[in-house]
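**Student:** Structure below; questions to follow.
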Amino acid sequence: MFKKKLTESPLYYWEEKSYMMVIPSNEEENLVKDIITRVSSIKDVEIKAHNLDEEKGCGELKIEYENEEYEVGFFIGGISVPKNYLRDIVFSDSERARILKAKKALTIFMKFSENVKKSYHLELKLAVAMVPDLIGVMDESAEKMLSSKWVMMTANSEVLPSSKNLFSVQAVIDNDKKVWLHTHGLCRCGITELEILDSDENNEQNHYNLLNTYAMYLLDKKEKIEPNLNGVYIGNLENGYPIVVTCVSWTKGILEYKKLALGGIKDRKEGHNSKTSIVFVYKNEKDEKNKKLSKVSIYDKLLGENPLLFFSDEETSRMKKLAIERFGYVKKAYSDKNNAIIIKIGLPLEEKGKFEHIWFELLEFKGDKFKARLTQEPYYFDNIHKGYEEWYTVDDITDWIIYTPKFSINPDNVFLLER
């Protein structure tokens with residue numbers, strides 16, 4: 001099957017460890033001064049050893065956090081944030097302007113433990129402690145910019161960040177409208193980066209969602225695919241047919257493509273040539289048994305507008321905790337009649353501990369309860385239908401979305417309500 005032998009390059013420094021560049025509001029401030037005191041104030045953090053050079057603006061810390069030890073390095077240096085990192089709606093015009101003017105940052109770097117979400121959460125806590133007046137954080141390993149408000153809110157939360165926060169999915173488009181999708185940030189988590197080759201503008205969003213779902217699954221389950229090429233069931237096509245994906249190192253997977261104008265060998269001379277893998281699908285059990293790979297594009301017509309992609313139990317549980325923690329914002333937003341609110345409710349199935357999570361429209365509050373109307377047909381319930389109304393409590397919720405006249409708000413970006 002593979003006619004040409006290619007080799008992976010060694011991991012780059014930002015793939016071996018997690019690198020974050022924290023931008024201060026005041027570039028003249030001495031960030032190293034009192035840094036030990038500030039880090040020591042983080043809940044559950046104990047500094048075991050430290051080595052600082054205030055004059056050079058750098059240092060090393062050995063800390064214990066929730067019964068795990070971490071070695072953390074930091075240094076003060078320059079920064080220049082790419083404009084395309086600031087496209088997200090979470091950045092106001094004034095925030096964009098301040099970040100683009102920034103010339104100085106405190107870079108924090110650390111190796112993640114096996115609990116990658118806890119490690120990421122710790123690094124955010126360190127960013128807030130080390131630079132209390134931060135105006136933004138550039139996650140160099142994931143090649144994306146983090147809003148200061150999101151960083152501070154997430155660092156102060158009792159709920160771990162989502163696995164989707166640990167990486168980004170980027171799209172490169174050529175003149176023929178072909179699209180190359182690839183992740184950044186997964187290598188620091190101990191797994192491979194992921195890619196979908198030979199996509200196009202018509203199917204880019206579905207392929208993006210598939211890639212995002214697969215990456216989250218691997219992070220939540222801590223699974224490693226190669227060398228066994230195990231298939232992972234991550235959703236269903238519109239006709240109900242299962243979507244089973246796997247991935248192959250780029251050095252082998254790229255040879256499945258006879259003609260590849262984008263994402264080929266020539267595009268990997270200075271990057272995307274270390275631990276990164278191309279996503280394929282198995283059409284059936286026989287193909288999976290024989291490790292017969294098919295390109296993701298074979299399902300383009302069957303993905304349709306609404307393929308069913310799964311969240312892991314770990315992510316569903318995390319989402320529920322965060323939705324409950326920040327449910328007060330829903331009550332606040334409900335008082336503004338310009339807003340529309342939907343709430344995802346977990347309806348209990350016959351199997352103990354299993355639920356169908358489905359969207360309802362919020363109708364009214366009464367004390368600790370709220371009334372909601374079902375917005376869609378359930379998959380597993382024959383006795384209730386779209387339009388069904390019932391009273392629920394906050395313990396029943398899994399997620400929520402607030403639709404304002406300007407943008408939609410969820411538990412992860414609820415700070416946007418302050419605008």
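The values are calculated or read from the model by the stated rules, or taken from the named source; none is laboratory data. The structure presented is a predicted model; accordingly, all values stated were derived computationally and were not measured. Here the Cβ is made from the backbone with ideal geometry for all residues, glycine too, and neighbour counts use every protein chain on show.
**Student:** For region 286-331, which positions are of a type in the set (F, W, Y) and on the phi > 0 side of the Ramachandran plot?
**Tutor:** none
**Student:** From (1) surrounded by fewer than 18 Cβ atoms within 10 Å (Cβ to Cβ); (2) at pLDDT 95 or above, pick out the condition that doesn't hold for L374.
**Tutor:** Checking L374 against (1) surrounded by fewer than 18 Cβ atoms within 10 Å (Cβ to Cβ); (2) at pLDDT 95 or above, the one that fails is (1).
**Student:** Inspect region 69-78 for any residue being closer than 26 Å to G190 by Cα, charged (D, E, K, R) and touching a residue at least 12 places away in the same chain (Cβ under 8 Å) and give the result as yes or no.
**Tutor:** Yes, some residue in region 69-78 is closer than 26 Å to G190 by Cα, charged (D, E, K, R) and touching a residue at least 12 places away in the same chain (Cβ under 8 Å).
A quick yes/no check of all residues on (1) farther than 25 Å from K117 by Cβ; (2) out of contact with any Gly (no Cβ under 7 Å at 6 or more places or on another chain); (3) surrounded by 11 or more Cβ atoms within 10 Å (Cβ to Cβ); (4) in the same structural domain as A142 (by TED's automatic domain parsing):
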position	(1), (2), (3), (4)
E29	yes, yes, yes, yes
K33	yes, yes, yes, yes
N51	yes, no, no, yes
E54	yes, yes, yes, yes
G59	yes, yes, yes, yes
D88	no, yes, yes, yes
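**Student:** OK, next. So, of the residues in region 148-162 that are of a type in the set (S, T, N, Q) and out of contact with any His (no Cβ under 8 Å at 6 or more places or on another chain), which turns out to be surrounded by the fewest Cβ atoms within 10 Å (Cβ to Cβ)?
**Tutor:** Ranking the qualifying residues of region 148-162, first place goes to N156.
**Student:** Which one of Y392, Y299 is among the aromatic types (F, W, Y) and modelled with pLDDT under 95?
**Tutor:** Being among the aromatic types (F, W, Y) and modelled with pLDDT under 95 holds for just one of Y392, Y299, which is Y299.
**Student:** Taking region 68-83 as the search range and keeping residues that are of a type in the set (V, I, T) and more than 23 Å from the chain's Cα centre (by Cα), which one is nearest to A97 (Cα to Cα)?
**Tutor:** I79
**Student:** Report yes if some residue within region 373-388 is more than 25 Å from the chain's Cα centre (by Cα), more than 23 Å from L308 (Cα to Cα) and not small (G, A, S); otherwise report no.
**Tutor:** For region 373-388, residues more than 25 Å from the chain's Cα centre (by Cα), more than 23 Å from L308 (Cα to Cα) and not small (G, A, S): absent.
**Student:** Does E305 qualify as being in contact with a helix residue (DSSP H, G or I) (Cβ under 7 Å, 6 or more places away or on another chain), of a type in the set (D, E) and not in a strand (DSSP E or B)?
**Tutor:** Judged against the criteria, E305 is not a match.
**Student:** Next question. If I filter region 179-194 for residues that are among the acidic types (D, E) and more than 21 Å from L308 (Cβ to Cβ), do I get at least one hit?
**Tutor:** yes
**Student:** Something else now. Cβ-Cβ below 6 Å, separation at least six or inter-chain, first residue in region 94-118 and part of a helix (DSSP H, G or I), second small (G, A, S): which pairs?
**Tutor:** I99/G136
**Student:** Out of K371, K352, I need the residue that is without any contact (Cβ under 8 Å) to a residue 12 or more places away in the chain, over 23 Å from M153 (Cβ atoms) and either assigned to a loop (DSSP other than H, G, I, E, B) or not aromatic (F, W, Y) (or both). Which one?
**Tutor:** K352
**Student:** Regarding region 208-225, can at least one residue be identified that is assigned to a strand (DSSP E or B) and surrounded by 14 or more Cβ atoms within 10 Å (Cβ to Cβ)?
**Tutor:** no
So that you can scan it fast, the table gives a plain yes or no per residue for (1) outside the structural domain of L146 (by TED's automatic domain parsing); (2) crowded, with 16+ Cβ neighbours inside 10 Å; (3) of a type in the set (D, E, K, R):
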position: T37; (1), (2), (3): no, no, no
position: S41; (1), (2), (3): no, no, no
position: E64; (1), (2), (3): no, no, yes
position: F75; (1), (2), (3): no, yes, no
position: Y85; (1), (2), (3): no, yes, no
position: M110; (1), (2), (3): no, yes, no
position: N115; (1), (2), (3): no, no, no
position: H121; (1), (2), (3): no, yes, no
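**Student:** I'd like the full set of residues that are farther than 28 Å from K118 by Cβ and out of contact with any helix residue (DSSP H, G or I) (no Cβ under 8 Å at 6 or more places or on another chain), limited to region 1-24.
**Tutor:** Passing the criteria: only S9.
**Student:** Let me ask something else about it. Among the residues of region 13-27, what is the count of those that are surrounded by 15 or more Cβ atoms within 10 Å (Cβ to Cβ) and either within 15 Å of K104 (Cβ to Cβ) or not small (G, A, S) (or both)?
**Tutor:** 10
**Student:** Being hydroxyl-bearing (S, T, Y) and free of Cβ contacts under 8 Å to residues at least 24 places away in the same chain is the filter here, so list the residues in region 269-322 that pass it.
**Tutor:** The answer is S294, S317.
**Student:** If you scan region 248-297, which residues turn out to be polar (S, T, N, Q) and in a loop (DSSP other than H, G, I, E, B)?
**Tutor:** N273, S274, N284, N290
**Student:** Then there's this: From the list A333, A340, exactly one residue is in the same structural domain as D368 (by TED's automatic domain parsing), crowded, with 18+ Cβ neighbours inside 10 Å and of a type outside the set (K, R). Which is it?
**Tutor:** A333
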